[in-house]
Amino acid sequence: MVARLLLRAWPRGPAVGPGPLCRPLSAGSGSGEYLQRSIVPTMHYQDSLPRLPIPKLEDTIKRYLRAQKPLLDDGQFRKTEQLCKSFENGIGKELHEQLVAQDKQNKHTSYISGQGFDRHLFALRYLAAAKGIALPELYLDPAYGQINHNILSTSTLNSPVVNIGGFAPVVPDGFGIGYAVHDNWIGCNVSSYPGRNAREFLQCVEKALEDIFDAIEGKCIKT
């Protein structure tokens, strides 16, 4: 099932998409025009961005455990903590060293860090599979499977030659959300398998956007 939502950000041209779902912001050139046109191409500064180093394995493990703690009871968390410690001091350490070595040989790529942990752990898992190494116990932990069960999977591709795109959910009970932000409208496609109601989810997205518009315009948010 695929449902589509198009909302106009401000009246700079004809509305795109079905009339009932289009809403202009306040006319004029005031604070309502919160999305600005730019003559600078999107990827203009890409080559000048600094490369981000692969984080230390111990830091990634700490972030992973912080994310898991609210989701697990004490017993489950202790088990996951033990698996993490075993991974960090064992095969994980070896895989991490190989990953760092590969990174040094590929200067054209960059690692995205911050508070994330999933890309780092995924890279180590992929590397183990590529080397023919048995899957480490950390990845067999139900807690790892649970935190990587992504019900909301989102992506965007903004281009003047692309109207709007979409993709399928990554789990059976999830939603795939393809969204776009253009000069005079924003919109998204939401897809789901039969067990989920994409149109109902899209109604919630529309309500959230309407609330954002009201807040920007200084209006009371409707309950």
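The values are calculated or read from the model by the stated rules, or taken from the named source; none is laboratory data. Computed from a predicted model, the values in this text were never measured in an experiment. Note that each Cβ is placed from the backbone with ideal geometry, even for glycine, and that neighbours are counted across all protein chains shown. Ligands, DNA and RNA are excluded from the accessible area calculation, which covers all protein heavy atoms including side chains. Shrake-Rupley method; radii C 1.70, N 1.55, O 1.52, S 1.80 Å.
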Which translational diffusion coefficient, to the nearest whole µm²/s, is obtained for segment 72-186 from the Stokes-Einstein equation, given a Kirkwood hydrodynamic radius over C-alpha pairs, 25 °C and 0.890 mPa s? 143
What pairs from Lys69/Lys131; Lys107/Lys131; Lys62/Lys107 go past 25 Å between their alpha carbons? Lys69/Lys131; Lys62/Lys107
Could you pull out every residue, at least 5 positions away or on a different chain, whose amide H is within less than 5 Å of the one on Trp185? Hs are placed 1.01 Å off N in the peptide plane, and Pro or chain starts have none. Ala9
Cβ-Cβ FRET estimate between Lys107 and Asp73, R0 fixed at 45 Å, reported to 0.05: 0.50
Which order do Ile186, Ile133, Ile212 take when ranked by solvent-accessible area (1.4 Å probe, heavy atoms of all protein chains), largest first? Ile212, Ile133, Ile186
Net dipole in debye of segment 44-105 [+1 Lys, Arg Cβ; -1 Asp, Glu Cβ; about Cα centre; nearest 20]: 140
What are the trypsin sites (Lys or Arg not before Pro) within segment 135-223 that DSSP puts in a loop, where the Cβ has at most 14 other Cβ atoms within 10 Å? Lys219, Lys222
Per-residue accessible area, 1.4 Å probe, largest first, puts His182, His120 in the order His182, His120
